[in-house]
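Asks: Below you will find the structure I want to go over with you.
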Amino acid sequence: MWGLGCCGVAAIFFHLASKDRSKAARMRKTPTTRVRDLTPGFRELKGRVAASGELLRSPLTKSRCVFFELKVEEERTSRSGGSSSTNWHTVVEDRQTAGLMLDDGTGQCPVDIADAELMFEPDTQRKSGILNDAPPEVETTLQERYGISSEGALFNKSMRYTETVLKPGEMLYVLGTAVPRGNGLTMEKAGDLFIIGDRTEGVIAGKFSSAALAKMVLSVVLALLGGMCLIAGAGGVELGTRRRRH
C-alpha cells in the first residue's frame, strides 16, 4: 500500500510539474500585443496599473491602491486520538478592486481579475502572538471591518497577516483571453490560462519553471521510493510463499 501510495502521489506531482512547465512555455511563446492593436483571442499584454474607478484604501497599511488582497491566518491546534497537529487556518480573505486597467501607453484595457492566477509579491507581512501584540491599527481593522480579534481569553492568538496591493503606475503583466464586452475588449479567463502578475514576464515564467523543476524532482523521488516499497513487498510475498510450500 505504501508503494502504491507513493507512486500515486508521484503521478500527481508529475502532472502539476507538467502544467507549470506548460505555463512558462506559453508565456515565452505568446507575443506581446499593444492595447491599440488588441483583437479577440488569447493575448499577452504588458503595461502599467490604472483604475477605472475611485481608488481604494487597503485595510492593513491604508495605502491608496487599485487592488488589494488581505489574508489573515490563525494558528490552531487540532487533536485526534492521542496526537495533535498545528495548522494555519484562513479567517479573513478579502480581495477588492477599483476596476483594474492595464495602460501600455497606446490605450487602456480592463482586466477582470476574477478567476485569475495571481502572481503578486506580498507588500506587507506581519505576525502577532503570545508575546507579540498586534499593532493597534491592525487590531482596530480586524474588529471594525471583519468582526474578529487577535486577543484570546488569556493570551493573544497566534496570527499572521499578508497584504498585497497594486498602486497606479506599477508594472502589470496579463496573459489571458481578450473578450468583447460592451464597446471594447476585456482581458479575462475564457480558456485554460489566465495569469496576472506585478513582475516582468521573465521573472514570472522563471517562477513557474522553478516550481516545475521542484515538483519533478519530488515526483522522481516518490516514484523511486514507491518502486522500492513495491519490490520489497513482492519479495516478502515470494518468501512467505516459499516457506508455506516447505
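Residues checked against (1) surrounded by 17 or more Cβ atoms within 10 Å (Cβ to Cβ); (2) within 17 Å of Trp88 (Cβ to Cβ); (3) touching a Phe, Trp or Tyr at 6+ places or on another chain (Cβ under 6 Å):
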position	(1), (2), (3)
Ser128	yes, yes, no
Glu139	yes, no, no
Glu151	no, no, no
Lys157	yes, yes, no
Leu166	yes, no, yes
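Asks: Right, here's the next one. Collect the residues in segment 1-34 that are farther than 29 Å from Thr200 by Cβ and among the hydrophobic types (A, V, I, L, M, F, W, C), keeping them in residue-number order. Let's see the steps before the verdict.
Replies: So the first thing to find is which residues in segment 1-34 are farther than 29 Å from Thr200 by Cβ, and the list is 1-12.
Residues satisfying the conditions are Met1, Trp2, Leu4, Cys6, Cys7, Val9, Ala10, Ala11, Ile12.
Asks: Further question: Test Leu60 against the stated conditions and say whether it is touching a strand residue (DSSP E or B) at 6+ places or on another chain (Cβ under 9 Å), surrounded by 15 or more Cβ atoms within 10 Å (Cβ to Cβ), modelled with pLDDT under 95 and not charged (D, E, K, R).
Replies: Working: touching a strand residue (DSSP E or B) at 6+ places or on another chain (Cβ under 9 Å): yes; surrounded by 15 or more Cβ atoms within 10 Å (Cβ to Cβ): yes; modelled with pLDDT under 95: yes; not charged (D, E, K, R): yes.
Yes.
Asks: Residues in segment 48-58: is at least one more than 21 Å from Glu117 (Cα to Cα), in contact with a Phe, Trp or Tyr (Cβ under 8 Å, 6 or more places away or on another chain) and not charged (D, E, K, R)?
Replies: For segment 48-58, residues more than 21 Å from Glu117 (Cα to Cα), in contact with a Phe, Trp or Tyr (Cβ under 8 Å, 6 or more places away or on another chain) and not charged (D, E, K, R): present.
Asks: Quick one: in segment 181-195, of everything that is among the aliphatic types (A, V, I, L, M) and within 29 Å of Thr61 (Cα to Cα), which residue is surrounded by the most Cβ atoms within 10 Å (Cβ to Cβ)? Walk me through it before giving the result.
Replies: Looking only at segment 181-195, we keep the residues that are among the aliphatic types (A, V, I, L, M), and these are 185, 187, 190, 193, 195.
Filter once more, so that each one left must be within 29 Å of Thr61 (Cα to Cα): 187, 195.
Details: Met187: 28, Ile195: 21.
Checking each candidate, the answer is Met187.
Asks: If you don't mind, there's one more thing I want to ask. Might you let me know whether segment 197-211 holds any residue that is aliphatic (A, V, I, L, M) and more than 21 Å from the chain's Cα centre (by Cα)?
Replies: Narrowing segment 197-211 to residues aliphatic (A, V, I, L, M): 203-205, 211.
Filter once more, so that each one left must be more than 21 Å from the chain's Cα centre (by Cα): none.
No, because not a single residue in segment 197-211 is aliphatic (A, V, I, L, M) and more than 21 Å from the chain's Cα centre (by Cα).
Asks: Check Ser209, Ser219 and return the single one that is touching a helix residue (DSSP H, G or I) at 6+ places or on another chain (Cβ under 8 Å), of a type in the set (Ser, Thr, Tyr) and surrounded by fewer than 19 Cβ atoms within 10 Å (Cβ to Cβ). It would help to see each step written out before you state the result.
Replies: Working: Ser219 fails: surrounded by fewer than 19 Cβ atoms within 10 Å (Cβ to Cβ).
Going through Ser209, Ser219 in turn, the sole match is Ser209.
Asks: Let me ask something else. What are the residues in segment 1-10 that are closer than 11 Å to Val221 by Cα and modelled with pLDDT of 80 or more, if any? Full working, then the answer.
Replies: Here is the first cut: in segment 1-10, the ones closer than 11 Å to Val221 by Cα are 6-7, 9-10.
Scanning segment 1-10 gives Val9, Ala10.
For every residue, the table says whether it meets (1) polar (S, T, N, Q); (2) within 27 Å of Tyr173 (Cα to Cα); (3) in contact (Cβ under 8 Å) with a residue 60 or more places away in the chain; (4) in contact with a Leu (Cβ under 8 Å, 6 or more places away or on another chain).
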| residue | (1), (2), (3), (4) |
| --- | --- |
| Gly47 | no, yes, yes, yes |
| Phe68 | no, yes, yes, yes |
| Glu73 | no, no, yes, no |
| Ser84 | yes, no, no, no |
| His89 | no, no, no, no |
| Gln108 | yes, yes, yes, yes |
| Ile113 | no, yes, yes, yes |
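Asks: Picking from Asp198, Asp123, Asp112, which residue would you name as being in contact with a Phe, Trp or Tyr (Cβ under 6 Å, 6 or more places away or on another chain), within 26 Å of Ser63 (Cβ to Cβ) and surrounded by 18 or more Cβ atoms within 10 Å (Cβ to Cβ)? Don't jump to the end; show me each part of the working.
Replies: Numbers: Asp123 fails: in contact with a Phe, Trp or Tyr (Cβ under 6 Å, 6 or more places away or on another chain); Asp112 fails: in contact with a Phe, Trp or Tyr (Cβ under 6 Å, 6 or more places away or on another chain).
From the options Asp198, Asp123, Asp112, the qualifying one is Asp198.
Asks: Which of the residues spanning segment 116-142 are within 18 Å of the chain's Cα centre (by Cα) and either among the charged types (D, E, K, R) or assigned to a strand (DSSP E or B) (or both)?
Replies: Result: Glu117, Leu118, Met119, Glu121, Asp123, Thr124, Gln125.
Asks: Right, another one. Scan (1) closer than 17 Å to Leu100 by Cβ; (2) buried (at least 21 other Cβ atoms within 10 Å of the Cβ); (3) within 17 Å of the chain's Cα centre (by Cα) for the single condition Ala178 breaks and write down its number.
Replies: (3)
Asks: Would you be able to say whether some residue in segment 33-53 is surrounded by fewer than 19 Cβ atoms within 10 Å (Cβ to Cβ), among the hydroxyl-bearing types (Ser, Thr, Tyr) and closer than 30 Å to Thr124 by Cα?
Replies: Yes, some residue in segment 33-53 is surrounded by fewer than 19 Cβ atoms within 10 Å (Cβ to Cβ), among the hydroxyl-bearing types (Ser, Thr, Tyr) and closer than 30 Å to Thr124 by Cα.
The values are calculated or read from the model by the stated rules, or taken from the named source; none is laboratory data. From a predicted model like this one, the values you see are computed outputs, not experimental measurements. Cβ sites come from the backbone with ideal geometry, for glycine too, and all protein chains shown count toward neighbours.
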